[in-house]
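Accompanying notes for the structure given below.
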Amino acid sequence: MKDDLQRTAGCIPLERFDGEFTPAEHAHLAVCARCQTEQALWHEFTESVPSADEGAAVQWIAAEVRRRRTDAPASGKSVWDRWRLPIWSFRWAAAAAAIVLAAAIGYLAWDREPDISRNREDAIYRTTRVETLKPQGDLEEAPRELTWVAVPGAARYEARVLEVDRTLVWSAASTTPQATLPAAVIARSVPGRSLLWEVDALDRSGTVIARSGTQRFRVRVKARTGRE
Amino acid sequence: MSLTGLTDEELVAEYRRVPAPHRDDVVDELFSRHYERVARWCYRFTGDREAAADLAQDVFLKAHRHLDSFRGGSRFTTWLYTIVRNESFNRHRRAAPGPDAEDVLADVPTPEPGPEQLADRDSRARWIAALLSETLEPVERQVFTLHYGDELPLEAITRLLGLDNQSGAKAFIVSAKRKLARARERLRAAGQMP
């Protein structure tokens, strides 16, 4: 059955779908489930628009693909090389990280007197976590901003608010450890409805150096009084 | 010259014409017109944002690699569609086990397997095509073809075909199988089935 539903030599080439069909192609299309299906898919690709529930996801994906392409430094390379650069960069970064990690483990394992001169707070510099401040948990009113603890070495932050199914609601970049929420996002934070938020810290090259976990918040549903 | 005023096809011609250092700008303009369209397809195909972004990136990589092969025999959008479609389906074929085809084989009539027919796959394919065409509604045919021919999951078919009924592609598969089972009984009664 599967083989019987594949394209055959008589099927219409996909590239022909935007042209005028010949009488023979019309006749074939009338009885060929495969070509009818291909035409329906082609039509969906060329003509349809995102539905309301997929619009945010589509915008995120398009932005992500654009970002992957444009974030790579041009430096005279071809576009093809620029597309590939993040993958190579990642591999080199991973190899470098492994070497640094091995060296760090060796250094820490080296039997030596503890260094009491180092500031305990230095530890936070090695973290890959952005410590979020607010909003978190149940709130009395809709939050106006997102705040977190500044990450050393961060040149900017990318914050985003998401639905609980992780559909992107809003995102913004900030050079300070806070982001003011627009009215449209505040309006979404109706009592009882949970939203998520996250923030990434990036260095000057645009590399993510720390991420927050996913935070959840919602405006508490106020109990009705007997007189209401 | 402003690139924004050019059609997609004119941009590809411009891509061929300009020296290599200027080609990036042309590709940027050309691809920027299609990011959302490709993103939408990839999201519908995968149902997952990260997977869709990876798929879309591969599509644009391939489009760029083969941009010189575009000769204007179709609109650029249609040419891009062939890449999107093939990349998606190939990836799915490599990754996913398909639906259990044996179940549906029991319900789908097959022609009397005479010696000539056994030797002629096209003949059988035409017979099946005619049967599907006579028995099923257009959307049922499409869902049936994608599910059993390409082994796509019903959720992906629902999204790809933009089906907005409550149970999506599943409803069409159920009705298609029911109609094909009835057709089998009719053919059997007429002595055209084993």
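Things to note:
- Counting only other chain Cβ atoms within 10 Å of each residue's Cβ, the peptide A:20-33 averages 2.
- Estimated FRET transfer efficiency when R0 is 41 angstrom, pair residue A:129-residue A:51 (beta carbons, to 0.05): 0.70
- Between residue A:149 and residue A:180, the modelled labels are 2.7 nm apart [label points 7 Å from Cα along Cα→Cβ].
- If you plug the beta carbon distance of residue B:16 and residue A:26 into 1/(1 + (r/R0)^6) with R0 = 41 Å, you get a FRET efficiency near 0.75.
- Using R0 = 35 Å, the C-beta based FRET efficiency linking residue B:167 and residue A:166 works out to 0.90.
- In this simple spin-label approximation, residue A:63 and residue B:133 carry label points 7 Å from Cα along the Cα→Cβ vector, and these lie 4.8 nm apart.
- The stretch between residue A:138 and residue A:203 holds 20.2 nm of extra length on full extension. This uses 0.36 nm per residue minus the Cα-Cα distance.
Values in this text are rule-based calculations from the coordinates and carry no lab data. Quick caveat, the model's predicted, so the values are computed rather than measured. All Cβ positions, even for glycine, are placed from backbone atoms using ideal geometry, and neighbour counts span all protein chains on display.
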